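Reviewing the structure listed below.
Nothing in this text is a laboratory measurement; each read-out follows from the coordinates by a stated rule. These numbers come from a predicted model, not from an experiment. Note that each Cβ is placed from the backbone with ideal geometry, even for glycine, and that neighbours are counted across all protein chains shown.
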Amino acid sequence: MKKRFSLLSDISAAINDTFNSARQFGLTHDELLKRVKAIADELNTRTPAGSRRYSEYEAHYANGYIAARQDDIWQLYTEFCYRDSAGVLYSTHRESTHRKTEEFYAAGRGAELAKLEGSHVWKGTDKPFTPWNVV
């Protein structure tokens, strides 16, 4: 079998394509992890003789780069929101386009947030990145 990645730049490009498409299409965290796993699985393949198809350096490089891109997703592109029974989102982020959790705290009703579903959603959307769960 031919190597899928010839250079480190090929690995970087595959990782960038994966994360860019996750942002563009609003993939869930699980969908993103499946795509990332496919890259990692390729980097851990072996030849029929049992030797590594890619060096450990290349695999570790990819792991570090993936971790950095995942951190970008969490820090820059998602926000934590609560959802009430009417589907209204309340964000914990000041810059959010959604209503703010501050409404609950200002009214002395902050404890009510614990009864609502919570999820990380893609910023500017109501599309969940992680599943909705009661926190």
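Label separation (Q24 vs D10): 2.2 nm, computed from points 7 Å beyond Cα along the C-beta direction.
Between Y105 and K3, the simple spin-label model (points 7 angstrom out along Cα→Cβ) gives 5.2 nm.
Lysine pair count for the chain with Cα-Cα distance under 19 Å and sequence separation of 8 or more or different chains is 5. Using r as the Cβ-Cβ distance of A49 and L76, and R0 as 41 Å, what FRET efficiency do you calculate, to the nearest 0.05? Once rounded, the FRET efficiency stands at 0.40. For region 104-135, state which trypsin sites (Lys or Arg not before Pro) are in a DSSP loop and have at most 12 other beta carbons lying within 10 Å of their beta carbon. Passing sites in region 104-135 are R109.
Computed from Cα positions, the angle between helix 29-43 and the longest principal axis of the chain comes to roughly 10 degrees.
Over the chain, DSSP H runs of length four or greater, each weighted -39,500 (n - 2.57), average out per residue to a 222 nm ellipticity of -13000 deg cm²/dmol.
Using a cut-off of 11 Å between beta-carbons, work out the net charge of the residues near W132 (Lys and Arg +1, Asp and Glu -1, W132 not included). Once all neighbours under 11 Å are counted, the net charge is -1. Within region 1-24, name every residue whose backbone N is under 14 Å away from a label modeled 7 Å from Cα of Y57 along the Cβ vector. Taking a point 7 Å out along Cα→Cβ of Y57, the residues of region 1-24 whose backbone N falls under 14 Å are 7-9.
Relative to the Cα centre, the charge distribution of the chain, modelled as +1 at Lys and Arg Cβ and -1 at Asp and Glu Cβ, gives a dipole magnitude of about 420 debye. Answer with a single label: of [x] 2, 10, 20, 22, 18, 12, 8, 4, 2, 1, 0, 0; [y] 2, 10, 17, 17, 13, 10, 9, 8, 6, 4, 3, 1, 0, 0; [z] 2, 10, 20, 24, 22, 15, 6, 1, which was calculated as P(r) over Cα pairs in 5 Å bins from 0, in percent from the structure in view? Only one listed value fits the structure, namely [y].
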